[in-house]
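First comes the structure, then the notes that go with it.
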Amino acid sequence: MSFPIHRFRRLRRTAPLRALVRETTTHPGDLVLPLFVDENADHPIPVASMPGVHRHTLASAVETAREAADLGIPGVLLFGIPGEKDEVASGAWADTGIVQQAVRALKRALPDLLVITDVCLCEYSNHGHCGLLGHDPHGAVRVENDPTLELLARTAVSHARAGADIVAPSDMMDGRVGAIRTALDAANHCDTVILSYAAKYASAFYAPFRNAADSAPQIGDRRSYQMDPANAMEALREIEADIAEGADLVMVKPGMAYLDILWRVKERFGLPTAAYHVSGEYAMLKAAAANGWIDERAVLIETLTAFRRAGADFIITYAATDAARWMRSP
Ligand code: PBG
């Protein structure tokens, strides 16, 4: 027996019907734009593997943030490239550091824009690791955990002092959220929000970022602190620990290949949860679009919708400005 109109297709017949029953919406207000600020730049420097992304001067960072804010994007996420890198990543925690300067410039120009800062040492250390280097009892080089916590806490406090609304530790040392919360509270920055890169995997998708920020590890890799892509239960334990230590917001990173993790995290904890659409994902989108192999706009909106459907409350994406423009004039 056959029916003239089928049960599911009845609700897909016209655009208004489809809009009526749509389960997931995505708006410019769900997006965060990452910005690179380069202390050595005297003009915006294009990042070759990330078309449309630049290493900014203070002035061009403010202009780019203003353009995003005008489109309804609520916040930016800052990464710094210091004038000089050293063994102890001094540029990360100096009150005169490039991110601290950028926070002050952005808050002055755009007081309502949320300024989020990445808290990590890798862009500022000459070895490119996210923590301090030391030696294990057998003499092998390792990334030290507890001595790093002190510097991460100092970095977060200096960002808060400059006016950051949200600090986002991305280093994956154990105990960093607790160390940062304690230090912020002690410095009377009780209102500063912590967005933890709680489930951050050791991913090959970060390669274009490391070119942009000049932060690739000079020896070894990040697998002794970032997570093994094969593990899901461990992500839940990481998130649970970060929440217990005081994380207000949690993030899953990278994005598209980790939607299962995003879903589990949102289901289990129900905390405001972010997805990071990382540099390699952006580079793949741009490269395929430049070749005419995919429709950039359609693939981007579909991707952002998938993050929302999987449980993301907000999405960090290098394509935020284009996406916001396209969402406003579909
Ligand atoms: C710093 C940091 C990285 C990213 C965000 N914060 C690089 C890394 O861990 O190697 C990656 C972001 C991206 O690829 O877009 N630790």
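The values are calculated or read from the model by the stated rules, or taken from the named source; none is laboratory data. Predicted model, so just to flag it, every value in this text is computed and none were measured. Ideal geometry is used to build each Cβ from the backbone, glycine not excepted, and the neighbour counts take in all protein chains shown. Ligands, DNA and RNA are excluded from the accessible area calculation, which covers all protein heavy atoms including side chains. Shrake-Rupley method; radii C 1.70, N 1.55, O 1.52, S 1.80 Å.
Against the numbered list (1) open to solvent by 30 Å² or more (accessible area, probe 1.4 Å); (2) touching a residue at least 40 places away in the same chain (Cβ under 8 Å); (3) under 18 Å from Glu123 (Cβ atoms), Ala204 comes up short only at (3).
I'd like to check something: does the stretch 187-196 contain any residue that is within 14 Å of the ligand (Cβ to nearest atom) and under 26 Å from Ala257 (Cα atoms)? Scanning the stretch 187-196 turns up at least one residue that is within 14 Å of the ligand (Cβ to nearest atom) and under 26 Å from Ala257 (Cα atoms). Determine the pairs where a residue that is in contact (Cβ under 8 Å) with a residue 40 or more places away in the chain and under 21 Å from Pro272 (Cα atoms), located within the stretch 183-198, has a partner that is assigned to a strand (DSSP E or B) and open to solvent by 10 Å² or more (accessible area, probe 1.4 Å) with Cβ atoms under 8 Å apart, the partner being 6 or more residues away or on another chain. Going by the 8 Å Cβ cut-off, the qualifying pairs are Val193/Ile166; Val193/Leu249; Ile194/Ile166; Ile194/Leu249; Leu195/Ile166; Leu195/Leu249; Ser196/Leu249; Tyr197/Lys253. Determine, yes or no, whether Asp146 is farther than 28 Å from Arg222 by Cα, modelled with pLDDT of 95 or more and charged (D, E, K, R). So Asp146 does not fit the description; no. Just so you know, in the stretch 207-247 the residues that are within 13 Å of the ligand (Cβ to nearest atom), aliphatic (A, V, I, L, M) and not in a helix (DSSP H, G or I) include one that is most open to solvent (accessible area, probe 1.4 Å), and it is Ala216. For the residues Asp146, Asp112, Asp95, the requirement of being away from the ligand (no atom under 16 Å from the Cβ), open to solvent by 10 Å² or more (accessible area, probe 1.4 Å), out of contact with any helix residue (DSSP H, G or I) (no Cβ under 7 Å at 6 or more places or on another chain) and within 25 Å of Ser60 (Cβ to Cβ) singles out Asp112.
Residue-wise test of (1) open to solvent by 40 Å² or more (accessible area, probe 1.4 Å); (2) under 18 Å from Leu77 (Cβ atoms); (3) not small (Gly, Ala, Ser).
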residue: Ile116; (1), (2), (3): no, yes, yes
residue: Leu151; (1), (2), (3): no, no, yes
residue: Arg154; (1), (2), (3): yes, no, yes
residue: Gly178; (1), (2), (3): no, no, no
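Restricting the first member to the stretch 294-320 and to residues that are open to solvent by 40 Å² or more (accessible area, probe 1.4 Å), and the second to residues that are of a type outside the set (Gly, Ala, Ser), the beta-carbon pairs closer than 6 Å and six or more apart or on different chains are Arg297/Trp326; Thr305/Thr24; Thr305/Thr26; Arg308/Thr24; Arg308/Thr26; Arg309/Thr24; Asp313/Pro272; Asp313/Thr273. Just so you know, in the stretch 256-286 the residues that are more than 17 Å from Leu77 (Cα to Cα) and of a type in the set (Phe, Trp, Tyr) include one that is surrounded by the most Cβ atoms within 10 Å (Cβ to Cβ), and it is Tyr258.
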